[in-house]
Every structure is written in C-alpha cells, then in structure tokens.
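To start, the structure under review is shown below, and the notes come after it.
A short reminder: the numbers here are calculations on the coordinates, not readings from a lab. Keep in mind the model is a prediction, meaning the values are calculated, not measured. Backbone-built Cβ (ideal geometry, glycine too); neighbour counts: all protein chains shown.
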Amino acid sequence: MNLFDEPYWQYAEAGELRLQQCVACASFRYPPAPICPECLTEEHDWAALSGQGSLLAWTVFHRQYFPDIPVPYLVGAVVTAEGPILIGNIVGLPAADLTHGMPMSAVFPPSTGSRRLCQWTSRSSLEHRT
Amino acid sequence: MPDPDRLAALRDTVAIVGVGETDYPADYARARRGERYQDAYGYAAIAFRRALNDCGLSRNQIDGLIAGPSLAGERLGEVLGMDVRWADQADAVQAMLKAAMAIHTGVAECVALVYGNDQRTGGTAYGGPNAMGGDRHLAYTYYAPWGLTSQGALYALLANRYLAITGLTERDLGQVALAQRAFAGLNPNAVMREPLTMDDYLAGRYICEPLRLYDYCLVNDGGVALIVTTVERARALNRPAVLLRGIGRSDHNREATSLRPRLEQFYRPAQRQAAEQVYAMAGLGPSDVDVLQVYDSFSIHVPLALEGFGFCADAAKLLNSGDLGPGGRLPVNTSGGHLSGSYMQGWGHQVECVRQLREEAGDRQIPGARTAQYISDVAGKVTSLIYGVRP
Ligand SMILES: [Zn+2]
C-alpha cells in the first residue's frame, strides 16, 4: 500500500466510496497520490462519489493466481459518473450478461477477506433486488 | 520538440556488427526436465561470447557495456571480466538508443548490449501477489485485492474492449499465433515448432478471457547479446553491417494505473508520435518495411502495432490475408517471436532484424530484406527502431 492509500480503505470499510479530490481544480486522483497531476496542488479532500458508472471492459480469470481467490472470477473496469476509472469484481450477474457501456452501481458486500472491497453490479440487477 | 535535422544526423552512424543468442529449445528442454543449467548471468555470458565471435572483435576492444533489466551491471561486468569506459542498464529498445547516443557522443566506441534471464528455472511470477514489474508498473499489482494482477490480465481487459469496438474476433487474433508458429517451424532455434491449427488455438484454455494460452508469450530461459559500434569501425571489420536508420519514442504515463490510456485509447496517441518520429528520421514509411518485428508478450500487440503505426486501418483484414506469415507481403515476428520463438523481452527481436538483413535467416529468410522495423509498446511506453543495410 502507498502512503496515501489508507483513507480510501478506511472509507471502504465503512461502505463509502470516496476518492481524493483537488481543492484547487476539483480533479480526482486515483490511485491516491501526493499531488494533483492536473495542477500540482497538494491539498485535497476525500469526496464521496455517486457510486454510479458504466462498464468499460472486463475479463474472466481462468488461471488462478491467488490461493484464496477461486477461478473463474470476473474483473471489470468501470468509468464512474465523476470520471475516474475504478477496478472491481463484477458481482450478481454472469459474464454472458455483460455489455459495454451498461450502467453499473457500486456495492460493498460484507468482507470475506482481509478488506472490505468496493465491487460493481449492474444497476438493473440491483433494482430488481431492492 | 523533435528536431528532424538533429535526429537525421544520427541516421546510419552506428551499426550492429555482432549478435549472439543461447540455444533456446535445448535450454527449454533442460528446464522441463527440472535441470538448472545456468543462471541469468551464465546465459548472458554465453550470448556475449557468441556475439564477440560473430563480429571478430576481442573483449578488450569493447569499451561500453549495457546490462539488460534482469541483470545487475556490476555483477555482469565481473562475470564477463570486463572494465569499460561507460556502462548503463536498459531494456531492449532503450539499450539500442543508449548505445547509439553513447557512440554518437564518443563516450564509447564499441558497446556490448547484454541480456540474460533465468525466468523459467528461477520461477519468475508474472501474476499473483508478488507479480514481477509491480515496482515499475503500479497497475501490475495495485488491484491485487480484486485478484487483478499481471500484464496479461491488463491486456485481456484491453482486448475485451478492442474486440468489441473494432469487430476483431478471437479467430482473427488466432491468426497472429498461427502465423508466428509457422515462422517458428522454420527456425531451428525456436522453442515451439510444431504446427498450430486454428482448432488447436481455439481449443487452448483461456488464461484471462479473451486471451488464451496461445495468445500468451512463452516463459523460457536464455541470453542475447549485440555488439554496436561506429559505421567506420564496422566497415573495417569486413562483416555485413546493419545500420540503425531510425529511432522513435513516446512515453505516455498519465493515468497509467487507472488504465484510461490503455482501455480508452489503446495507446494510439503514443504509437502515432513514435511512428511519426521513426519514419521521419529514417526517411521511410510503413510500405518500405520488408520485415516487421513486434514486441509480443501477447498476440494483441500485433494488431495494435499494425494499426497504430499505419500499416493498415483495419487489422482484421490483414490478419486474415496470410500476409503476416511465411510467404506473405508483411512478414511479422519471423523468428516465431515471443509467442513461439523465445521470450527474451524484445532482445531477440533485434537479433532477428540483423539476421534477416544479413540474409542469414535460413528457411525463414525474407528474400531481399533491406529494411527491418521493430515496434515495442509496453504499457504506453512506445519505441520503434528501423534498421537497414546499404544496397
Ligand atoms: Zn488540481
């Protein structure tokens, strides 16, 4: 973990999706960084994201690289409504149902490993459940 | 800003005069039997000895030494018994650039570029909690909590979106693996020489979908060395000199870990910049290239390079034309490349350029090859080199 990562994970533990946002130019920084890559200002807030986004790309892992993560599993890249691209596991629907650009929502399932993770599911599957 | 005149002054001033490689298939067979025959320095040293023999220079005439990224420069000099005026450390393309610059400025006259890797017998991990390269490419390890590591998985994400946008199919991608395997079958020093059919390719297991086993490079041990010197010195050696005609480079690192340039742009802006520079310096264009070598840790690199450097607008057509394989109009990775030949992280591709231009490539020789281009695009660091011989 990098020096500036800790707050991200503390918010995630509480079920919140927050990223560093520059106080000078409002740009988001992800992964967390010491300085704004747009305007080189250090000062930042940890701003809450809407948790909405769209699916940019995904892959299904068939080779097992981690002893505690059984295959196959789905990893997706989501463009958040605010702009930053976030990586997460796609939960609640199979790879066959995925389409590029489909609306996605952030979810924070109870932790199964050492950390509580921000994951993504399709907005429609979330609406069906609630 | 790029100054075409300054760059052009470097054109044809340095030459590759010696090349050496280790015995990839024999060493691969040893590794499969569980034998540890050499370490990275041993492979490097064998390749270096062969490169010296190839050019006829003696060791004490080498006054510059560049160690590959998997070697420590100090230990390499010690193993090779060499004191030099100038030394550095670099990956394949950067090594050639640095050698050219060192020779051009006069800090060295004869530079040895030496690479060795025991990645198979040494058990290098390219994915997982301790994935190689995470210290230089944060994205290789940053997403480990979600099980996303390895350059292969990142290129699988790219391929997922690239296929959807371009309409390229998994079968089209398979043509890359098939063409390179066909070349490997003509190269006695390629590791994987058995013919590969489309059925074989499609039956290959997925590693990270949509990339299959045959879309991934080999992991094998070996060493590569090249001797580079001034064109004047090369002439005196009475050996065919391969001249460095063009250099193109572009590093796009903004938002590298967020994967935005990878997934939204397929690194095209970086490829475009490197292409403009290399072709301007060489005074050539894609249609002048007789042999193309593309850094291919994964098959997907090939269509990206073909489109990004202007060889075609639509890679699918070119991939299915048969033009990339033996007998084709635009032969690519004629040694078998990383997929079927040997995974020497781009170093072997330089040697293959030399062998083709010297017309020493045996059964896989491209008749009348005068211009060879190398393209490397690793995570947005794009470099290209053009080599040529005087007619
Ligand atoms: Zn800012």
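Between B:Ala313, B:Val111, B:Gly327, the Cα set farthest toward the positive side of the dipole of the protein assembly as shown (charges on each charged residue's Cβ, about the Cα centre) is that of B:Gly327. Only Lys, Arg, Asp and Glu carry charge here, each on its Cβ (+1 for the first two, -1 for the last two); on that basis the protein assembly as shown has a dipole of about 740 debye about its Cα centre.
Once you treat every alpha carbon in segment B:167-285 as an equal point and sum by Debye, what is log10 I(q)/I(0) at q = 0.09, 0.19, 0.20 Å⁻¹? Per q value, in the given order, log10 I(q)/I(0) is -0.46, -1.16, -1.15. Counting 0.36 nm for each residue step from B:His104 to B:Asp200 and taking away their Cα separation leaves a gain of 29.7 nm. Geometric descriptor of chain B, per residue, is 130 Å³ (volume of the convex hull of the Cα atoms). Rounded to the nearest 10 degrees, the angle from helix B:92-105 to the longest Cα principal axis of chain B is 30 degrees.
Ordering B:157-169, A:11-23, B:339-351 by mean Cβ neighbour count within 10 Å, with the highest value first, yields B:339-351, B:157-169, A:11-23. Here the spin labels are modelled as points 7 Å beyond Cα on the Cα-Cβ line, and at B:Arg49 and B:Gln265 they lie 4.7 nm apart. For segment B:311-391, the gyration tensor built on C-alpha atoms gives a rounded shape. Its axis ratio a/c (a ≥ b ≥ c) stays under 1.5.
Between A:Leu93 and B:Ala280, the modelled label-to-label distance comes to 4.6 nm, taking each label 7 Å out from Cα in the direction of the beta carbon.
Normalising the Debye intensity of segment A:52-129 to I(0), with uniform scatterers on Cα atoms only, and taking log10 at q = 0.22 Å⁻¹ returns -1.05. For peptide A:66-77, the mean count of partner chain Cβ atoms within 10 Å of a residue's Cβ comes to 5. A convex hull fitted around the alpha carbon atoms of the protein assembly as shown yields 152 Å³ per residue. Summing Cβ point charges (Lys, Arg +1; Asp, Glu -1) relative to the Cα centre of segment A:6-48 gives a dipole of roughly 120 debye.
Here the contact order of chain A, divided by its residue count and restricted to Cα pairs under 8 Å and six or more residues apart, works out to 21 percent. Phi-derived couplings, Karplus 6.51 cos²θ - 1.76 cosθ + 1.60 at θ = phi - 60°, listed residue by residue for segment B:83-91: 10, 10, 7, 8, 9, 7, 9, 6, 7 Hz, with x used for Gly and Pro.
Fewest-first ordering of B:Thr105, B:Thr13, B:Thr230 by other beta carbons within 10 Å of each residue's beta carbon gives B:Thr105, B:Thr13, B:Thr230.
Considering only Cα atoms, the convex hull volume of segment B:99-212 works out to 199 Å³ per residue.
Averaging 1/r across all pairs of distinct Cα atoms in chain A and inverting the result yields a Kirkwood radius of 15.7 Å. For peptide B:125-135, the mean count of partner chain Cβ atoms within 10 Å of a residue's Cβ comes to 2. Each principal axis of the Cα cloud of segment B:128-175 was evaluated for its coordinate range; sorted largest first, these ranges are 34, 19, 16 Å.
For chain B, the longest principal axis of the C-alpha atoms and the axis of helix B:347-357 are separated by about 70°. Residues of segment B:332-373 with backbone nitrogen within less than 12 Å of a virtual label 7 Å along the Cα-to-Cβ line of B:Leu237, please, listed as ranges. Within reach of a label on B:Leu237: no residues. Here segment B:238-378 is described by how far its Cα atoms reach on the three principal axes: 49, 31, 27 Å, from widest to narrowest. Helical runs (DSSP H, four residues minimum) scored at -39500 (n - 2.57) apiece and divided by the length of the protein assembly as shown put the mean residue ellipticity at 222 nm at -9000 deg cm²/dmol.
Across q = 0.21, 0.22, 0.30, 0.34 Å⁻¹, segment A:6-48 modelled as identical point scatterers on its alpha-carbon atoms has Debye log10 I(q)/I(0) values of -0.59, -0.64, -1.00, -1.19, in the order of the q list. Inter-chain neighbour count for B:146-155: the average number of beta-carbon atoms from partner chains within 10 Å of each residue's beta-carbon is 6.
For segment B:21-171, the equivalent ellipsoid derived from the alpha-carbon gyration tensor has semi-axes of 34, 21, 16 Å in decreasing order. Specify the angular offset, from 0 to 90 degrees and rounded to the nearest 10, of the alpha carbon long axis of helix B:170-184 from the longest principal axis of the alpha carbons in chain B. Tilt of helix B:170-184: around 30 degrees.
Between B:Arg75 and B:Arg36, the simple spin-label model (points 7 angstrom out along Cα→Cβ) gives 1.2 nm.
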